[in-house]
Amino acid sequence: MRRIGRLAAAFVVLLSAACSKPEEEAAEVLPGPATLRILTQNVALTPGGEAFAEFRISPFETVFDYDIASSGCAISVMSVTGEPASEFNVSRIEPAGSDYSEKGTYRVYLRDALVKASYKSQCRISYTDSYGRVISTGTFNVTCEWDALTKSLLDTGLPLIRIETEGKVEPTCEFVAHPEGCNGAGIRNAVKVPGELTLMKGDAILHATGPYKKDESGMTLKIRGNTSAYGAKKPFKIKLQKKKDLLCRGDESKYKDKDWLLLTYDDLRMLAGTEVNRKLGIQWTPSFEYVNLVVNGDYRGIYLLCESVERNDRCRLNVAENGYIIEYDAYWWNEDIHFTGGWTYSMRYTFKYPEKDEVTSAQIAYIQDYINKVEASVRDGQYDKYIDVLSFARWLLGHDVLGILDCAGSNYFMTKYDNTAGSKLMMGNMWDFDSVYQMKDNWSNTHQWTGNYFPTLLNSFNPAFKDTYIALWESMSAGLCKTMSAYMKSFVNSETGKALDASIPLDNKRWRVSHPSVSESVAKSREWFDTRGGWLDSAIRGLK
């Protein structure tokens, strides 16, 4: 019976096993996670600069995506709070080398994002494996502070522009002389070099263009000017890929533009010249700011960051899309497109707007015909039908107040608002102030040179121009030169004046020159204005 019982029990067990559900498949056993170890404890960045942190992954054969352009990139840099770092970006990730000893070691390159002047961040490098597991290194420090040169220049108080060109390539140009019968010397084939620009002041980064990407970010730099380009210290033109007000006036919608100039320091001559331009009510006064400039790590001295002469109906020369900005130009021979009037052989007219690569033959024909009518009317006394007399009087008076020596190269910018009979030719802004204060007890050369319209206008039987010129001076003679003297005096102790004074010795050392101090330049300017008003009073009375 015991044997029968044992057999029955065994049968029950077998039957139970046969009727039970099969066991669920065993869960997949995952391989152990890789480990990460940080090898760099401190990463030191400079503003806009790049540096790397090294980490090692074990086992070193671990395969993962480290292309930051890929959506599956497995590596990220996080702050200790768990958020992506905001002060810098990961620019690329690369294996540290090809030697066996370097297998499994990688470099994460970090690039300062130019959002803070200085900072210190604690970070981790994280790796997300193919199973979604996140493994992180220990912490490391990322710090950023100005390099010694940048810090010393910011300490002067002037804004600082740092430009880095691709491959540290310098802009170049060819130098050319004028043909027989013409004037001046100029440049051709100025090469535009792509790069990026950072504008900063004190502890603030005011603007950073980022690396060059056509029509998206960055900028180009080229040499500009005519004879001014012949010096060791070159003037430059900046073309931003995105519009920006580099003078940071607080109204981007009004002042943003792509085109900006870096003019070489001029001992406050443009400061005085543009203020006279403004006080005379000339249609547009270029704005500028004194800055220090560093290009590819090399200090280039003090420059004037300045608006360029061009059409911008919100903030520069205001002409309609079917309007014109032309120049009565001594350097016409160095331009691809120009047209002649009948005034003098050595001068022709060139285009600022429309630009030379956009102007049509019909537009050239229209404005040439209009200039022919202007020149004929100046000769026959009917000029007030074609020119804005007040704008011409203001422009000439500005040159006489400043005692400008230059005449053919005085940048005679003229505008016509549109191509209708309702708009007249106007003088644009004054521009070239290199030769101010040089015509003591005499008219400016522009007042006397028969290569332009002014002597003919002053001596015309139609007195409209001369009367307007005299009335303009008499309306402001009591205050203009005195106001200018006071304006220049106030600049000495201004924030900009003090910052400029701190920078002048650095510029003098860099270029082995001897720019005077701000107070010395102001003293020269005030001496001019303190005596110029009396001479002009007497001289203008003699015109009556």
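Look at SER538 and say whether it is touching a residue at least 24 places away in the same chain (Cβ under 8 Å), surrounded by fewer than 21 Cβ atoms within 10 Å (Cβ to Cβ) and small (Gly, Ala, Ser). The answer is no for SER538.
Only a single criterion out of (1) of a type outside the set (Asp, Glu); (2) out of contact with any His (no Cβ under 9 Å at 6 or more places or on another chain); (3) crowded, with 16+ Cβ neighbours inside 10 Å; (4) under 28 Å from ASN292 (Cβ atoms) is not satisfied by ALA523, namely (3). Quick one: which residue in SER86, SER58 is polar (S, T, N, Q), in the same structural domain as ILE125 (by TED's automatic domain parsing) and more than 27 Å from PRO31 (Cβ to Cβ)? The match here is SER86. Scanning the range 418-468 for residues that are touching a Leu at 6+ places or on another chain (Cβ under 9 Å) and charged (D, E, K, R) gives ASP434, LYS466. Number of residues in the range 216-229 that are at pLDDT 95 or above and either among the hydroxyl-bearing types (Ser, Thr, Tyr) or in contact with a helix residue (DSSP H, G or I) (Cβ under 7 Å, 6 or more places away or on another chain) (or both): the value is 3. For the range 270-313, the set of residues classified as more than 16 Å from PHE433 (Cα to Cα), out of contact with any helix residue (DSSP H, G or I) (no Cβ under 7 Å at 6 or more places or on another chain) and among the small types (Gly, Ala, Ser) consists of GLY297 only.
This table checks each residue for (1) part of a loop (DSSP other than H, G, I, E, B); (2) among the β-branched types (Val, Ile, Thr); (3) in contact (Cβ under 8 Å) with a residue 12 or more places away in the chain.
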site: VAL436; (1), (2), (3): yes, yes, yes
site: LYS440; (1), (2), (3): yes, no, yes
site: LEU472; (1), (2), (3): no, no, yes
site: SER485; (1), (2), (3): no, no, yes
site: LEU506; (1), (2), (3): no, no, yes
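So the check is Cβ under 6 Å with 6+ separation or different chains; which pairs have a first residue in the range 40-67 that's of a type in the set (Gly, Ala, Ser) and a second one that's not in a strand (DSSP E or B)? Going by the 6 Å Cβ cut-off, the qualifying pairs are GLY48/LEU114; ALA53/THR40.
Restricting the range 249-270 to residues that are surrounded by 15 or more Cβ atoms within 10 Å (Cβ to Cβ) and closer than 23 Å to LYS213 by Cα leaves a set whose member that is farthest from the chain's Cα centre (by Cα) is TYR255. Looking across the range 494-522, the residues that are among the aliphatic types (A, V, I, L, M) and either modelled with pLDDT under 95 or farther than 18 Å from GLY157 by Cα (or both) come down to VAL513, VAL522.
Return yes or no: is VAL115 over 30 Å from VAL518 (Cα atoms), of a type in the set (A, V, I, L, M) and surrounded by 15 or more Cβ atoms within 10 Å (Cβ to Cβ)? Criteria not met by VAL115.
The values are calculated or read from the model by the stated rules, or taken from the named source; none is laboratory data. It should be emphasised that the depicted structure is a prediction, and the values quoted were computed from it without experimental measurement. All Cβ positions, even for glycine, are placed from backbone atoms using ideal geometry, and neighbour counts span all protein chains on display.
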